[in-house]
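> Handing you a structure now.
FYI, it's all coordinate maths here, none of it is from the lab. Predicted model, so just to flag it, every value in this text is computed and none were measured. Cβ: placed from backbone, ideal geometry, glycine included. Neighbour counts: every protein chain shown.
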Amino acid sequence: MLFQIKGVCFSYGSVPVLENVTFNVQSGEMLGIVGPNGSGKSTLLRCLARVLKPRVGTIFLDRKNLADLRGREVGRCLGYVPPPGTGQAFPCTVLETILQGRRPHLTWGVGERDLVVASRALDYLGLTDLGDRQLGELSSGQRQKVFIARALAQEPVVFLLDEPTATLDVRYQLEVLALMQELARSHQRLVVVVLHDLNLAARYSDHLILLHEGRIFAAGAPEAVLSPENIRTVYGVEAVVAKNRWGLQITPVAPLNGPANGDILEGKEMAGKTLAVQA
Ligand code: ADP
Ligand code: MG
C-alpha cells in the first residue's frame, strides 16, 4: 500500500502553515517527522488523518483520494493518536475509550473479538488494571497510553502518531516505538510518527522528514537529515552527531546566539525589578 502526499498546502485563516508538502510512505515503512515547535508537524498529521482538509494538494491512500473515502473506511484505514494534552470532552472509562477504536469494525455492537482486541491492547500498554478508571483521573502519560491502545485496537493500515512518547517513561518510549517498528516491518503497516526526541527519531525511523516553517527542509535517511548543519539551520542549535551500535547519537550542545546562562535574570529587561525569592 502506498500513502502519497502531493503538494499539500494548508492555512489557518490567511496564515499559511504548510507549503507544498510532498512525500510518499509505503507499507512496511516507519516515517519520522521532526522539526521545531510551530513548524507544522501536527497540522500535517491532522491533514493525513483527514481531521483537516488541505487548501491545495491531494492525499492518496492506495491510489484513492483520501477526501473521497467514507467515514467508516477512514476509521478502518487510519489510526490517529493526537498529541498529549488533547482533551477528551466527555467522561469515559479507559476500556470504553479503547473500544471506540473498534467502532469502524462493528456491525451489531461490541462482539467477542472486539473485547479480545481491546483487552490485548490494554495489556500491551500495561493498562489492564486501569480498565474501569475514568480517563480524567489518569496521569497524562497513562492517558497517552490509552490513546495509543485505542489506535492499536482500531487495527488500521496506517498509524499516525503525534508525539506518542512525549509523556511516557523511558521504558514505554522504547516499547511503543519498537511495537510500531514491528507493525511496520512484520505486518506491513505504515507508520508516520511525529517525534521531538531526535535520538528516538533517528533510531526508529526508516526515513525522516525535517519540517521547517511549513516546508520540507530535508528528507531521507536519518543520517542525512539529522546532520549538524541541518540541526543548526533549522533548530538554531549546535549539536554533536556521533554513531554507535544503536544508530545515531545526537547531543544538542548549545543554542546559537542564545542568551548566556544568567542573562534571563541579569539582563536589561529585569533591570530595576526585584525578584521575590522565597527560602
Ligand atoms: P508543530 O506541531 O510543528 O509544533 P503546529 O502544526 O501545531 O506545529 O502549528 C503550526 C502553526 O500553525 C503554528 O504557528 C501554530 O501557532 C499554528 N496553529 C496551529 N493550530 C492552529 C489553529 N487551530 N488555529 C490557528 N493557528 C494554528
Ligand atoms: Mg505539534
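> Rounded to the nearest 5, what is the percent of antiparallel bridges among the DSSP beta bridges in the chain? Spell out each step's value before the answer.
Values: 29 of 46 bridges.
The antiparallel fraction comes to roughly 65 percent.
> Follow-up question, since we're still on this one. Below 13 angstrom from the Cβ of Arg50, what's the summed charge of the other residues (Lys, Arg +1; Asp, Glu -1)? Intermediate values should be presented prior to the final figure.
Working: positive: Arg46, Lys53, Lys64, Arg70, Arg72, Arg76; negative: Asp68, Glu73.
Result for the local shell: +4.
> Just how large is the dipole of the chain about the Cα centre, in debye to the nearest 20, putting +1 at every Lys and Arg Cβ and -1 at every Asp and Glu Cβ? Working shown, then result.
Details: 29 positive and 27 negative charges, 157 e Å.
In debye, rounded to 20, the chain gives about 760.
> Suppose the chain between Ser139 and Glu238 were pulled fully straight at 0.36 nm per residue; how much longer would it get relative to their current alpha carbon spacing?
Numbers: separation 99, 0.36 × 99 = 35.64 nm, distance 3.40 nm.
Full-extension gain reported as 32.2 nm.
> Okay, next question. Net charge within 11 Å of Gly79 by Cβ-Cβ distance, Lys/Arg positive one each and Asp/Glu negative one each, not counting Gly79 itself? Show your work: numbers first, answer last.
Working: positive: Arg76, Arg150, Arg189; negative: Glu155.
Its environment carries a net charge of +2.
> In deg cm²/dmol and to the nearest 500, what is the mean residue ellipticity at 222 nm of the chain if only DSSP H runs of at least 4 residues count, each as -39500 (n - 2.57), divided by the residue total? Provide the component values of the computation, followed by the final result.
Values: 10 runs with 91 residues, N = 279.
Counting only the DSSP helices, I get -9000 deg cm²/dmol.
> I'd like the distance separating the alpha-carbon centroids of the range 205-245 and the range 30-53, in whole Å.
Using only Cα atoms, the two centres lie 16 Å from each other.
> Another one. What's the exposure ranking of Thr165, Thr128, Thr233, going from fewest to most Cβ atoms within 10 Å?
On the way: Thr165 25, Thr128 12, Thr233 15.
If I rank by nearby Cβ atoms, fewest first, I get Thr128, Thr233, Thr165.
> Another question about this same structure. So how far apart, in nm, are the two label points at Ser14 and Thr128 if each is 7 Å from Cα heading toward Cβ?
5.8
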